[in-house]
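Enquirer: Next up is a structure, given as structure tokens.
The values are calculated or read from the model by the stated rules, or taken from the named source; none is laboratory data. Computed from a predicted structure; not experimentally measured. Cβ placement follows ideal geometry from the backbone for every residue including glycine, while neighbour counts extend to all protein chains displayed. Side chains included, ligands, DNA and RNA excluded: accessible areas come from the protein's heavy atoms. Shrake-Rupley method; radii C 1.70, N 1.55, O 1.52, S 1.80 Å.
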Amino acid sequence: MDIWEQLYLRAKEEYRPTAVSPFVDAHHVVCAIESENGEIFTGFCIESASGVMALCAERVAILDMYRHSGQTVVRRMIAFRDRPPYGGGSGMPCGACREFLLQLSQRNRDTEILVDYATRKTVTLGELMPLWWGDERYEKGEIR
């Protein structure tokens, strides 16, 4: 079993679309990430009628990683709804998730994101965000 199958199976455990209340839905998008040291963490999206309170599966998985291990570097990521990524834009993190990854660690430019499960095609976060506004701050060593 390769790492992508491991990640897929772990994320799939979280897939169970649920109406939490008349205003909140959860578990309809899931994610698994492999941290720098090889641990796997999972997350699921939770969305409310007020979009500003929503959290994507990717950010929930990253927060789970940080909470349990203190790590900030993600090696690999898979996210999907009812089936694994199948090409095109399926499985791609939203802009907020991309931004969070880059702000968490400059090394996350190398994060592999699965584009197509069948072919194991990936793209790096750096390819998705080639001219990121925060690079200058990292180069200057500014930490806040």
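Enquirer: Might you report the magnitude of the Cβ-based charge dipole of the stretch 7-138 about its Cα centre, with Lys and Arg at +1 and Asp and Glu at -1, to the nearest 20 debye? List each step's numbers first, then the result.
Expert: On the way: 15 positive and 17 negative charges, 36 e Å.
About 180 debye.
Enquirer: Compute the angle between helix 3-12 and the longest alpha-carbon principal axis of the chain, please, reported from 0 to 90 degrees and rounded to the nearest 10.
Expert: Roughly 50 degrees, rounded to the nearest 10.
Enquirer: Solvent-accessible area per residue for the stretch 26-85 at a 1.4 Å probe radius, Å²?
Expert: Details: 2640 Å² over 60 residues.
Counting only protein heavy atoms, the per-residue value for the stretch 26-85 is 44 Å².
Enquirer: Also, quick follow-up: Which of the chymotrypsin sites (Phe, Trp or Tyr not before Pro) found in the stretch 36-144 are loop residues per DSSP with 10 or fewer other Cβ atoms within 10 Å of their Cβ? Could you put the intermediate results ahead of the total?
Expert: Values: sites: Phe41, Phe44, Tyr66, Phe80, Tyr86, Phe100, Tyr117, Trp132, Trp133, Tyr138; in loops: Tyr117, Trp132, Trp133.
In loop regions of the stretch 36-144 (DSSP not H, G, I, E or B), the sparsely surrounded chymotrypsin sites (Phe, Trp or Tyr not before Pro) are Trp133.
Enquirer: Keeping the other protein chains in place, figure out the carbon and sulfur percent of the accessible area of the chain, with a 1.4 Å probe. Could you put the intermediate results ahead of the total?
Expert: Numbers: 4160 of 7970 Å².
For the chain, the apolar C and S fraction of the accessible surface comes to 52 percent.
Enquirer: Take Glu5, Glu99 and sort them by solvent-accessible surface of the protein heavy atoms, 1.4 Å probe, largest at the top.
Expert: On the way: Glu5 65, Glu99 40 Å².
Final ranking, largest accessible area leading: Glu5, Glu99.
Enquirer: Testing the spin-label approximation: label points 7 Å from Cα along Cα→Cβ at Ala96 and Asp2. State their distance in nm.
Expert: Computed distance between label sites Ala96 and Asp2 equals 3.2 nm.
Enquirer: Same structure again: Give the relative contact order (percent, whole number) for the chain; include only Cα pairs under 8 Å separated by 6+ residues.
Expert: 17 percent
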